[in-house]
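The values are calculated or read from the model by the stated rules, or taken from the named source; none is laboratory data. All values derive from a computational prediction rather than experimental measurement. Because the Cβ atoms are built from the backbone with ideal geometry, glycine has one as well, and the counts that use them run over all protein chains shown. These area figures cover heavy atoms from the full protein model, side chains too; ligands, DNA and RNA do not enter into them. Shrake-Rupley method; radii C 1.70, N 1.55, O 1.52, S 1.80 Å.
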Amino acid sequence: MSRTIIPFGPQHPVLPEPLHLKLVVEDETIVEAIPALGYVHRGLETLASIRDYNQMVYIVERVCGICSCIHAMCYCQGLETMMNVEVPSRAKYLRVIWSELHRIHSHLLWLGLFADGFGFESLFMQFWKIRERVMDINEATAGNRVVISVNVVGGVRRDLDKTQQRWILDELDKLEKELRQLMKTMLDDYTVKKRTVGVGVLTAEQAIQLGAVGPTLRGSGVAQDARQLGYAAFDELDFEPVTSPEGDSWARSKVRFMETLQSMDIVRQAISRLPDTELAAKVPGKPTGEVVCRVEQPRGELLYYLKGNGSKNMERVRIRTPTFANIPPLLAMLPGAQLADVPIAALTIDPCISCTER
Amino acid sequence: MPTHSEILNATPIAADAVVAQARSMFDQGYRLVTMSVVDLGDGNVDIFYHYDLNNEMTHFRLTHPKDKPVPSISPVYFAALLVENESRDHFNLQFDGLVLDFNRTLYLDEEITSTISAPFCKISTIQKKD
Amino acid sequence: MGLLENWINKGRLKSPWVVHFDCGSCNGCDIEVLACLTPVFDVERFGIINVGNPKHADVLLVTGTVNHRNKKVLKNIYDQMPDPKAVIAIGACGTSGGVFRECYNVVGGVDQVIPVDVYVPGCPAKPDAIIDGVVTALDVVKAKLGLGEMPKVTVID
Ligand code: SF4
């Protein structure tokens, strides 16, 4: 049978970002998928050589606007390990609160885009509507909606007072109620399931071999989450990785949905245990040495490799983002799928191209 | 107890052992987290291989001359394909046996690879002494 | 001016169609553009509709810096849009290159490649500012049609 190459992207209605796949198809069935990247590549790792290590916090926040806070947190934690700084415990809890708020808004964003991907526009609008509550919390507590810049090397820059804490809890309660109303539609609806169940299957073994991370890995039943490593205050909070054994698109959307609820629970725990200490420790000296550090982003595990050479500029900042790791699993998922299922499968790894290409 | 951030403690590895090592890690069920490349400035690069098993990381360090081809582990770990192509883009490294070679066009267009020379990991500036 | 033309111009100005192009942005500005479309900000109440095809659009929203690979795509999209058209550069990146301007793969702001009519600063630009930017761009379209004055330089905050 003759083969045709169909380009998917860079501008595709379901993708907010330019991801380009060349799909080799036989009839309607995908035989091979070849990625073409580089539409968002900026090369910001380079900036490490002209910005000092404190300024780099603002650069790494702009690797990806959706999980900016978590990028900065990972970078700061790496430097703190390198420079042997003990972060005050209130700062650790505040980092948990803001990073989990980011996870909530990122997952809601994804759930909306996913709904849009299979053509359920009103569900998209609903998810984005309730997501605005989280954006409001960000704006009220940190002064900006998306890139909130709360982390600095050694701690955090902003505090939450008692009224704000109470208000956040209130908002989360409302958000949870609204989210639970959407649960049945997202996970149980007959037509939605028709589009998602059995699409883009990835077995647990494949997932590990291909280096999948985050919900893509947990959606295949592997209970691995970098938050288990106990960074920030996660070692003192109750939490179990959410998994689902099916390994298809439905399982991945379920994992994300449940994680959203779980994150709300983590924020509540963190607020209830918020200790009273100062916000940031003094950071002495200049970074030297090599450090590898990991955190869990909404899309999966994020790794930073940092090398300092005793000057105020870092020698090397290497960023391995979750989508970078999730593209090979996507390429493995597609062969055998129908052309119409490609947008669904591509969306379920939650592609964040600006992360991938930096 | 696995930690989230650690001072890098990497086992040195020789270039001809990289693929065999990758194969044995693969068989033990390790996940390839990524590779990192650092330009050492003396014509050599450090290539780190980061593996993970149940949240515990193992690192290997290969110090290699920049102009000699590096054995590719992408036939073992398909996931290495992207990161090896990325290193090709950024450091102009050669990889032996890369399963899908973008030939330095994964991220960059020809007009830039021909005008600026690798490595891209540094901008040289005159730095003020502080 | 003919009756039909009048009618078309009216439609153009009352219901501008926008096309959004992500040109190497960090996503921060992208999700704010998308947030404009969703219930809380809801630009559709002003008749602003987001379309996927540049041939249908009056206003081009560009987020992010221009890099060497996507500058051709950007130029291409701009050329496909029918006249009169307005271009809005969103975010610090779109206006000047923002934090990324020294990177090796970055050309700079959007105006390095295509003419820009309205700049919306901010990192990321707030949805309110983006909506205001689109409304300002309408005046630009109006002026280009010869129906009004070019808007004065204003600072959107
Ligand atoms: S202006 Fe800021 S938020 Fe917008 S794309 Fe640029 S870095 Fe991201």
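Listed values, structure above:
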read-out	value
Residue check for A:Ala212: closer than 30 Å to A:Leu303 by Cβ, in contact with a helix residue (DSSP H, G or I) (Cβ under 7 Å, 6 or more places away or on another chain) and open to solvent by less than 20 Å² (accessible area, probe 1.4 Å)	yes
Residue check, C:Val120 within 11 Å of the ligand (Cβ to nearest atom) and buried (at least 24 other Cβ atoms within 10 Å of the Cβ)	yes
Set A:Ala226, A:Ala233, A:Ala204: member being among the hydrophobic types (A, V, I, L, M, F, W, C), at pLDDT below 85 and open to solvent by 20 Å² or more (accessible area, probe 1.4 Å)	A:Ala204
Options B:Val45, B:Val70, B:Val38, B:Val18; residue that is within 9 Å of chain A (Cβ to nearest Cβ), crowded, with 16+ Cβ neighbours inside 10 Å and within 22 Å of B:Asp96 (Cα to Cα)	B:Val38
Boolean, A:Gln164 is in contact (Cβ under 8 Å) with a residue 12 or more places away in the chain and more than 21 Å from the chain's Cα centre (by Cα)	yes
The one condition in (1) facing chain A (nearest Cβ under 8 Å); (2) away from the ligand (no atom under 16 Å from the Cβ) that C:Asn67 fails to fulfil	(2)
Hits in region A:127-150 - residues which are open to solvent by less than 80 Å² (accessible area, probe 1.4 Å) and more than 16 Å from the ligand (Cβ to nearest atom)	A:Phe127, A:Trp128, A:Ile130, A:Arg131, A:Glu132, A:Arg133, A:Val134, A:Asp136, A:Ile137, A:Ala140, A:Thr141
Within region C:64-87, tally of residues that are open to solvent by 10 Å² or more (accessible area, probe 1.4 Å) and not charged (D, E, K, R)	8
Selected residue (criterion: least open to solvent (accessible area, probe 1.4 Å)) from residues of region C:123-157 that are in contact with a Lys or Arg (Cβ under 8 Å, 6 or more places away or on another chain) and among the hydrophobic types (A, V, I, L, M, F, W, C)	C:Val141
Test: residue in region A:7-21 that is in contact with a Ser or Thr (Cβ under 9 Å, 6 or more places away or on another chain), assigned to a strand (DSSP E or B), at pLDDT below 80 and surrounded by fewer than 23 Cβ atoms within 10 Å (Cβ to Cβ)	no
Enumeration of residues in region C:34-67 that are in contact (Cβ under 8 Å) with a residue 60 or more places away in the chain and within 19 Å of C:Pro115 (Cβ to Cβ)	C:Asp58, C:Val59, C:Leu61
Hey, C:Cys103 within 30 Å of B:Phe91 (Cα to Cα) and in contact with a Lys or Arg (Cβ under 7 Å, 6 or more places away or on another chain) or not	yes
Condition met for B:Leu32 (open to solvent by 40 Å² or more (accessible area, probe 1.4 Å), within 11 Å of chain A (Cβ to nearest Cβ) and in contact with a Phe, Trp or Tyr (Cβ under 9 Å, 6 or more places away or on another chain))	no
Some residue of region A:105-113 being open to solvent by 10 Å² or more (accessible area, probe 1.4 Å) and within 30 Å of C:Gly52 (Cβ to Cβ)	yes
Hey, A:Ala115 over 22 Å from the mean Cα position of the chain (by Cα) and within 14 Å of chain C (Cβ to nearest Cβ) or not	no
All positions within region C:91-117 that are surrounded by fewer than 18 Cβ atoms within 10 Å (Cβ to Cβ) and within 12 Å of the ligand (Cβ to nearest atom)	C:Arg101
Subset tally (residues that are open to solvent by 10 Å² or more (accessible area, probe 1.4 Å), assigned to a helix (DSSP H, G or I) and either among the aromatic types (Phe, Trp, Tyr) or within 16 Å of the ligand (Cβ to nearest atom) (or both)) for region A:45-90	2
Segments classed as helices (runs of 4 or more DSSP H), wholly inside region A:108-200, with at least 2 members that are at pLDDT 85 or above	A:121-142, A:162-188
Residues within region C:34-59 that are more than 10 Å from chain A (Cβ to nearest Cβ) and within 16 Å of the ligand (Cβ to nearest atom), tallied	1
Qualifying residue in region A:273-287 (condition: closer than 20 Å to A:Arg95 by Cβ and outside any loop (DSSP other than H, G, I, E, B))	yes
Of all residues making up region A:260-297, the number that are in contact with a His (Cβ under 9 Å, 6 or more places away or on another chain), of a type in the set (S, T, N, Q) and under 17 Å from A:Gln77 (Cα atoms)	1
Counted residues, region A:287-315 - those being basic (Lys, Arg), open to solvent by less than 10 Å² (accessible area, probe 1.4 Å) and facing chain B (nearest Cβ under 8 Å)	1
Residue match in region C:34-48 (condition: hydrophobic (A, V, I, L, M, F, W, C) and open to solvent by 50 Å² or more (accessible area, probe 1.4 Å))	yes
Unmet criterion (only one of (1) surrounded by fewer than 17 Cβ atoms within 10 Å (Cβ to Cβ); (2) free of Cβ contacts under 8 Å to residues at least 40 places away in the same chain; (3) within 14 Å of chain A (Cβ to nearest Cβ); (4) of a type outside the set (Lys, Arg)) for B:Asn9	(2)
Those residues of region C:14-30 which are open to solvent by less than 10 Å² (accessible area, probe 1.4 Å) and farther than 17 Å from C:Val87 by Cα, in sequence order	C:Asn27, C:Gly28
Count of region C:1-33 residues which are touching a residue at least 60 places away in the same chain (Cβ under 8 Å) and more than 14 Å from the ligand (Cβ to nearest atom)	6
Leading residue by the ranking (nearest to the ligand (Cβ to nearest atom)) among those in region C:71-90 that are within 13 Å of chain A (Cβ to nearest Cβ) and either among the aliphatic types (A, V, I, L, M) or over 13 Å from C:Gly108 (Cβ atoms) (or both)	C:Ile90
